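Student: Provided herewith is a single structure, encoded as structure tokens, for subsequent inquiry.
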């Protein structure tokens, strides 16, 4: 059983896959307490793997985004293998503080948080919500193909743009779902 906050279908609003139709499986609970988090961690429903897959099957996209909270608290190798066997391409959005199952079919987005001990050393993309913290440590310590900085709740966009212009190894990620008013 896994604690699910919600399962919904929308466009990915952030990072490398922005604009891609995706099924979002939002897990409840997190080992961090970030002030800007958009998940109500006390809410959720315990669901079996079958119930989760049945809910995912309602939608036409083959891309599933495991998000939260912190999905690494709830997923394991068997769950990843089952979704892979069903033919889904999986993306996980993690804070990088917990170990992840292994799969060639798992796109890893590491979104480290200031002050948290990141154990993840490799990801497909690093996406940092920028609040003025030192982000270069993530660039140096997490191997990735793509590095994104994202304004915090669309509030400090100009500051993020200035930082990226001075540090061009970063790319801008906007919360387009919030900008265009979709979930």
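Student: Looking at (1) at pLDDT 95 or above; (2) more than 25 Å from residue 57 (Cβ to Cβ), can you tell me which one residue 25 breaks?
Tutor: (2)
Student: Of the conditions (1) over 20 Å from residue 183 (Cβ atoms); (2) under 17 Å from the mean Cα position of the chain (by Cα); (3) surrounded by 13 or more Cβ atoms within 10 Å (Cβ to Cβ), residue 51 fails just one. Which one is it?
Tutor: (2)
Student: Mind telling me which of the residues 99, 112 ends up being part of a loop (DSSP other than H, G, I, E, B), within 15 Å of the chain's Cα centre (by Cα) and either in contact (Cβ under 8 Å) with a residue 40 or more places away in the chain or within 22 Å of residue 17 (Cα to Cα) (or both)? Let's see the steps before the verdict.
Tutor: Working: 99 fails: either in contact (Cβ under 8 Å) with a residue 40 or more places away in the chain or within 22 Å of residue 17 (Cα to Cα) (or both).
After ruling out the rest, the residue left standing is 112.
Student: With the structure loaded, tell me whether residue 92 is without any contact (Cβ under 8 Å) to a residue 40 or more places away in the chain, under 12 Å from residue 25 (Cβ atoms) and part of a helix (DSSP H, G or I) or whether it fails that test. Show your work before the answer.
Tutor: On the way: without any contact (Cβ under 8 Å) to a residue 40 or more places away in the chain: yes; under 12 Å from residue 25 (Cβ atoms): yes; part of a helix (DSSP H, G or I): no.
So residue 92 fails the test.
Student: Next question, about the same structure. Please identify the pairs in which a residue from the range 61-81 that is at positive phi has its Cβ atom under 6 Å from the Cβ atom of a residue that is surrounded by fewer than 19 Cβ atoms within 10 Å (Cβ to Cβ), counting only partners at least 6 apart or on another chain.
Tutor: These pairs meet every condition: 69/29; 69/41.
Student: Within the range 137-178, which residues are part of a helix (DSSP H, G or I) and loosely packed, with under 11 Cβ neighbours inside 10 Å? Even if it seems obvious, please write down each step before you answer.
Tutor: Keep residues of the range 137-178 that are part of a helix (DSSP H, G or I), which gives 137-141, 152-154, 157-166, 176-178.
Answer for the range 137-178, where residues must be part of a helix (DSSP H, G or I) and loosely packed, with under 11 Cβ neighbours inside 10 Å: 140, 158, 165, 166.
Student: Quick one: would you say residue 169 is more than 28 Å from residue 9 (Cβ to Cβ) and touching a residue at least 24 places away in the same chain (Cβ under 8 Å)? Working first, answer last.
Tutor: Working: more than 28 Å from residue 9 (Cβ to Cβ): yes; touching a residue at least 24 places away in the same chain (Cβ under 8 Å): yes.
Taking the combined requirement at face value, the residue satisfies it.
Student: Filtering the range 84-100 down to residues that are touching a helix residue (DSSP H, G or I) at 6+ places or on another chain (Cβ under 8 Å) and more than 20 Å from residue 15 (Cβ to Cβ), which residue is surrounded by the most Cβ atoms within 10 Å (Cβ to Cβ)?
Tutor: This residue is 86.
The values are calculated or read from the model by the stated rules, or taken from the named source; none is laboratory data. Everything numeric here is computed off the predicted structure, so don't read it as measured data. Glycine gets a Cβ as well: all are built from the backbone with ideal geometry, and neighbour counts include every protein chain shown.
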